[in-house]
Amino acid sequence: MNRADRARIVEVFSSFQGEGLYLGTRQIFVRFGGCNLRCSYCDEPDTIPPGSGEVWSAHRLKARIRSLNRSSEHRWISWTGGEPLLQAAFLKPMMAWARSR
């Protein structure tokens, strides 16, 4: 699997941000699978196992983001997990693509 064009994704959905600076804003959430941090306060323990989620291509994720954005305007994407940075080779160009839109 080429790390730059495939990643483990648990789910992609639209919802309102429930915390932080963008509290209450509609966002697209991209939840990655796999985590090496083992935080005691983790609210998504199902994303921890290295094989969690399904392998998605960059093309598939872009199509899903476009589809969600057509049904409701989103200004932000929350890249979450799991630990998204475990898939940095995929995430970096994906974030650049999203920012350009």
Point to revise | A63 paired with L21, simple spin-label distance in nm, labels 7 Å along Cα-to-beta-carbon | key: 3.3 nm
Exercise for review: In debye, nearest 20, what is the charge dipole magnitude of the chain about its Cα centre with +1 on Lys and Arg Cβ and -1 on Asp and Glu Cβ, if you could check?
Suggested key: 560 debye
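Helix-only mean residue ellipticity at 222 nm, the chain, DSSP H runs n ≥ 4 weighted -39,500 (n - 2.57), per residue, nearest 500. What is it?
So the helix-based figure for the chain works out to -8000 deg cm²/dmol.
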**Study point:** Mean projected area (nm²) of the alpha-carbon convex hull when the chain is viewed from all directions
**Key:** 6.3 nm²
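Only the coordinates and a few stated rules stand behind these numbers; no lab work does. What you are looking at is a predicted structure, and each value in this text was computed from that prediction instead of being measured. Don't worry about glycine lacking a Cβ; one is built from the backbone with ideal geometry, like all the others, and counts go over all protein chains shown.
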